[in-house]
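Below is one structure, written out as structure tokens; the observations come after it.
The values are calculated or read from the model by the stated rules, or taken from the named source; none is laboratory data. Since we're looking at a predicted model, the values are computed, not measured. Heads up, the Cβs are rebuilt from the backbone with ideal geometry, glycines too, and the neighbour counts pull from every protein chain shown.
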Amino acid sequence: MSLIHGVPVMQKLKTTITEPASRIEKGIIIGWAILVLVVIMVAAGLARFIVADISAQESGDAAADTIAVSDLWIRATPPGARTAAAYLYISNKGDNDRLLEVRSERARSVEIHATQEQSGMMRMSRLDSLAVPADSDLQLGPGGYHLMLVEISDTFVPGDSVLVTLIFEKAGAMDVNFTVRDAR
């Protein structure tokens, strides 16, 4: 049997081959462990994001389900008119809410108005928002609360459909279509 520095050749060969291999194997194992840890952390982060998004959607959907709108219509306008009145019925089956804002691409702005009698005259006043009490129904109609589309882009003809976004404090944004009616 041959000796290298007093150690049998086979034993020296075996030690030389296995030591680097075990270091390489340890490196591979550590590399895989780090990779698995990174994958777990990314998956946990994504899961947290997805759960938060679903939770937000569910709470938003639950709030939106409490507000229902119906009988949405806009009074037809004569050629050249700059404003149009819009009416609807709001039903709130949930907690107190507020109509905060209204938008439409067919008008520069949409205002929330109230018509009130003052000194024997009917006057319109602009409101910053409109309370929609819990478990109640609210009629926005001629002679009362209504929406006023200001600086309309064109004439509103009976049968037209006008897309409007209602923004509630709790129920959030709601895109709805108003039908134009001849209300003479």
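Across segment 96-120, what is the total count of residues that are of a type in the set (S, T, N, Q) and at positive phi? Looking only at that region, the number is 1. Within segment 130-184, being under 28 Å from the mean Cα position of the chain (by Cα) and β-branched (Val, Ile, Thr) holds for 132, 150, 152, 162, 164, 165, 167, 176, 179, 180.
Filtering segment 133-170 to residues that are hydrophobic (A, V, I, L, M, F, W, C), within 17 Å of residue 69 (Cα to Cα) and in contact with a Leu (Cβ under 9 Å, 6 or more places away or on another chain) leaves 138, 140, 147, 162, 164, 166, 167, 168. For the residues 39, 51, 69, the requirement of being modelled with pLDDT of 75 or more and part of a helix (DSSP H, G or I) singles out 39. Only one of the numbered conditions (1) of a type in the set (Val, Ile, Thr); (2) in contact with a His (Cβ under 8 Å, 6 or more places away or on another chain); (3) outside any strand (DSSP E or B) is not met by residue 115, and that is (3).
To keep it simple, each residue is scored yes or no on (1) at pLDDT below 95; (2) over 15 Å from residue 73 (Cα atoms).
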position	(1), (2)
115	yes, yes
123	yes, yes
127	yes, yes
135	yes, yes
144	yes, no
154	yes, yes
166	no, no
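Starting from segment 67-86, keep only residues that are polar (S, T, N, Q), then list their pairs with residues that are part of a loop (DSSP other than H, G, I, E, B) whose Cβ atoms are within a distance under 6 Å, requiring at least 6 positions of separation or different chains. The qualifying pairs are 77/155; 77/156.
Scan segment 138-153 and tell me whether some residue there is surrounded by 11 or more Cβ atoms within 10 Å (Cβ to Cβ), assigned by TED's automatic domain parsing to the domain that holds residue 80, in contact (Cβ under 8 Å) with a residue 60 or more places away in the chain and more than 16 Å from residue 83 (Cα to Cα). No, there is no match, as no residue in segment 138-153 is surrounded by 11 or more Cβ atoms within 10 Å (Cβ to Cβ), assigned by TED's automatic domain parsing to the domain that holds residue 80, in contact (Cβ under 8 Å) with a residue 60 or more places away in the chain and more than 16 Å from residue 83 (Cα to Cα). Among the residues of segment 87-110, those that are in a strand (DSSP E or B) and surrounded by fewer than 18 Cβ atoms within 10 Å (Cβ to Cβ) comprise 89, 91, 98, 100, 101, 103, 108, 109. The set of residues in segment 72-96 that are under 24 Å from the mean Cα position of the chain (by Cα) and under 18 Å from residue 161 (Cβ atoms) comprises 72, 88, 89. Quick one: how many residues across segment 149-179 are among the small types (Gly, Ala, Ser) and outside any strand (DSSP E or B)? Total satisfying the criteria: 3.
Only residues that are surrounded by 15 or more Cβ atoms within 10 Å (Cβ to Cβ) and out of contact with any Pro (no Cβ under 7 Å at 6 or more places or on another chain) were counted in segment 70-86, giving 8.
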